[in-house]
Amino acid sequence: MLAPAPVYNWSGFYIGGFAGLATAGDATTSDPCLVGSPCPGGVGTYNGVPPLGYSLKTGFLGGGTIGWNWQSPGSRFVFGLENEIGYVHVKGSAVMNAPPIGNGDTTATTTFGNWYDAYTVRAGYAWNQVLLYAKGGGVSAAVSTGVVDATPPVTIDTAPNKVRTGWAAGVGLEYAMTRNWSLKAEYLYLGLGGTVNNCAQVGGFPPGTIDCTSSTIKGINTFKVGANYHFN
């Protein structure tokens, strides 16, 4: 009589790597407006134009993962914690004062990256070596958005690189090829969208005036494949 095939158990620590693509929705950035001045209809005082919408290009995604799973013997439910740290670069820009309005030296720009950190909990259902899971938690990432005019003598940069935090949620499918190695495919949304307000001094020398911009950005959709090594 043949012995029953062993049942795979997902419990234990694991590390891994992944690569994929990241996309983001359109962004909108306002023309810089002088502090204390009215900007009716969103028309700025720097170029005298309304807010500008522009799209962001698809970018590369890659990084590493460390996590821990727990599966009770005899149960199909798997729970765990996971942290992924990676490189992401999603960027878009558009000329704000193109001729005949101006000389085309002012740019509205948004960049996600070059790093992000997602810290999540996982819950899944296993069919022996196949695991279908959902994950959710928080995310931190480098984000810059605003207006840049680098042409002297009038210079302004309201797009400093800042750390932005948000939420993360996604789903994935993982398959254990051997006791220690598994492959996965995953979708994860990084909820980093919202309104970002930045101000900067015009001209670069005191007592330069202070102008401010407002950008509306959306979150990032990530699609990745990866491999994990399980210490079980």
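On the principal axes of its alpha-carbon atoms, the range 97-180 has extents of 66, 23, 20 Å, going from largest to smallest. Equivalent ellipsoid of the chain: semi-axes from √(5λ) of the C-alpha gyration tensor, largest first, are 48, 14, 13 Å.
Under a Gaussian network description of the chain, with springs only between Cα atoms under 10 Å, the residue in Ile156, Ile66, Ile101 that fluctuates furthest is Ile101.
For Trp68 and Leu34, a Förster radius of 35 Å and the Cβ-Cβ distance give a FRET efficiency of 0.10, rounded to the nearest 0.05.
Using C-alpha pairs under 8 Å with a sequence gap of at least 6, the mean separation divided by the residue count of the range 78-232 gives a relative contact order of 18 percent.
Grouping the Cα pair distances of the range 29-72 into 5 Å bins from zero gives a pair-distance distribution of 5, 16, 16, 8, 7, 7, 8, 7, 8, 7, 6, 4, 2 percent in increasing distance order.
May I ask you to list the residues of the range 127-156 whose amide nitrogen lies under 16 Å from a point 7 Å from Cα along the Cα→beta-carbon direction of Lys91? Those under the cut-off are 142-150. Site pair Val154 and Asp26 shows an inter-label distance of 2.7 nm when each label is modelled 7 Å from Cα along Cα→Cβ. Computed about the Cα centre, the dipole magnitude for the chain is approximately 760 debye when only Lys and Arg (+1) and Asp and Glu (-1) carry charge, each at its Cβ. Springs between Cα atoms under 10 Å define the GNM used for the chain, and in it the highest mean-square fluctuation of Gly64, Gly36, Gly44 occurs at Gly36. Taking amide H as placed 1.01 Å from N in the peptide plane, the amide H of Met96 sits under 5 Å from that of Thr106, Thr107, Ala108, each at least 5 places away or on another chain.
Values in this text are rule-based calculations from the coordinates and carry no lab data. In this text the structure is predicted, and so the values were computed from the model without any measurement. FYI the Cβ positions are ideal-geometry reconstructions off the backbone, even for glycines, and counts take in every protein chain you see.
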